[in-house]
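Working notes for the structure below.
The values are calculated or read from the model by the stated rules, or taken from the named source; none is laboratory data. Computed from a predicted model, the values in this text were never measured in an experiment. Glycine also receives a Cβ, built like all others from the backbone with ideal geometry; neighbour counts cover every protein chain displayed. These accessible areas exclude ligands, DNA and RNA; they are computed on the full protein's heavy atoms, side chains included. Shrake-Rupley method; radii C 1.70, N 1.55, O 1.52, S 1.80 Å.
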Amino acid sequence: GGVAVPNSCRAGACQSCRLRASTGTPPAAAQVGLKATQRERGYFLACLCRPEEDLTIALGEDLPIDATVVDVTPLSADVVRLRLDAKLEYRAGQFVTLLRADGLARSYSIASVPGDDAPLELHIRVLPQGRMSQWIAHALAPGMRVQLRGPEGDCFYIAGQPAQPLLLVGTGTGLAPLLGVVRDALRHGHTGPITLLHGAVTEAGHYLVDVLQDMSGQSPNFAYHRCALRGEPAPGLELGAIEAIAAARFPKLAGHRVYLCGDPERVQVLRKQSFLRGARMNEIFVDAFVTAPPQAPPGP
């Protein structure tokens, strides 16, 4: 018997029939309308697919894998870096879902780049009532085991246009996937200008500033800028809403590839603005960070 595939329009528009080929190359006609990141990962639209070679379709592949804690390190007053030893194929900027033994699950973006024995790096905002983030910050220790599901997401660097200007805009721990993208772009020898704008409520919300400044100093085509909504003016810090700062610095985005990560409201505003300023929609990559609702208090 066959496998039922969700579908709606059957014309390649709704993309509800999207599948992924784990081996073989889908025909180009079945990938029309998909982002380059999706095409590269083997995704295709089943309703348009007339295979030209054998394809193996990935079904039920989202099984958890084991990971071992390497370390948990504070990066700021409310952000910790979790590094994990995990045999995981991923692209820098994607996200994984971390699973606790009791079934609690949260998704975090990847800031590291793949490499031989390189730990997986996640940035965790520690929320006052965050069940997972408090556990990660205060209970996890080197050698402990967790499970991961994924990776997922299309917010990663695509090689092939090394001179294309890249604009990366993020708030809070939206820095994690953007850092991964920048690291990967530089590792691939990207020659076009790469600009990273990191926004926070106040200057205290910025982290890894020294690391990013060093990266900027070592790579002439990479520029790093900090933005804050409130506070006192300081060298290298611009005050104001990040969408207004991005619009002032980049009034025209034709030909740019744009990455937007962090607060969902800011991401949606930036996405619309980026399109209106000339970026093509299929070259705007988005990763909106949605915070889990707080746990309901126990009943009487």
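Brief remarks follow.
- Dipole magnitude (debye, nearest 20) for the chain, charges at Cβ of Lys, Arg, Asp, Glu: 780 debye
- DSSP assigns beta bridges within the chain; of those with both partners inside it, close to 55 percent run antiparallel.
- A convex hull fitted around the alpha carbon atoms of the stretch 200-272 yields 109 Å³ per residue.
- Order by protection proxy (mean Cβ within 10 Å, highest first), peptides 257-264, 225-232: 257-264, 225-232
- Convex hull volume per residue in cubic angstrom - Cα atoms of the stretch 78-226: 117 Å³
- Aspartates and glutamates with Cα under 16 Å of Lys87, excluding same-chain neighbours fewer than 8 positions away: Glu61, Asp62, Asp66, Asp116, Asp117, Glu121, Glu152
- Partners for Lys252 among lysines (Cα-Cα distance below 28 Å; same-chain residues under 8 apart left out): Lys35, Lys272
- When only Cα pairs below 8 angstrom with a gap of at least 6 residues are kept, the chain shows a relative contact order of 14 percent.
- Database remark: amide H of Leu253 closer than 5 angstrom to the amide H of Gly278, Ala279 (H placed geometrically; neighbours at sequence offset of 5 or more, or on other chains; Pro and chain starts carry no H).
- Unit charges at the beta carbon, dipole of the chain: most positive-side option, Leu140, Ala244, Ala288: Ala244
- Ranked by the mean number of other Cβ atoms within 10 Å of their residues, highest first, the peptides 277-285, 248-256 come out as 277-285, 248-256.
- Percent accessible area from carbon and sulfur atoms, the chain, protein chains only, probe 1.4 Å: 53 percent
- A 1.4 Å probe run over the chain, with the rest of the protein chains in place, finds 50 Å² accessible per residue.
- Computed over neighbours whose Cβ is under 15 Å from that of Pro27, the net charge equals +1, Lys and Arg +1, Asp and Glu -1.
- Added length on full extension, which subtracts the Cα-Cα distance from 0.36 nm per residue, Lys87 to Asn282: 67.1 nm
- Computed accessible area, Thr73, all protein chains, 1.4 angstrom probe, square angstrom: 40 Å²
- Translational diffusion of the stretch 169-300, estimated by Stokes-Einstein from the Kirkwood radius over alpha carbon pairs at 10 °C in a medium of 1.306 mPa s, is 102 µm² per second.
- The chain: calculated mean residue ellipticity at 222 nm from DSSP helix runs of at least 4, using -39500 (n - 2.57): -5500 deg cm²/dmol
- Multiplying each eigenvalue of the alpha-carbon gyration tensor of the chain by 5 and taking the square root yields semi-axes of 31, 27, 19 Å, largest first, rounded to whole angstroms.
- Charge tally for Glu238 (other residues, Cβ to Cβ under 13 Å; Lys, Arg +1; Asp, Glu -1): 0.
- The orientation-averaged projection of the convex hull spanning the C-alpha atoms of the stretch 105-157 amounts to 4.6 square nanometres.
- Calculated log₁₀ intensity ratio I(q)/I(0) where the Debye formula runs over C-alpha points of the stretch 64-155, q = 0.12, 0.24 Å⁻¹: -0.32, -1.38
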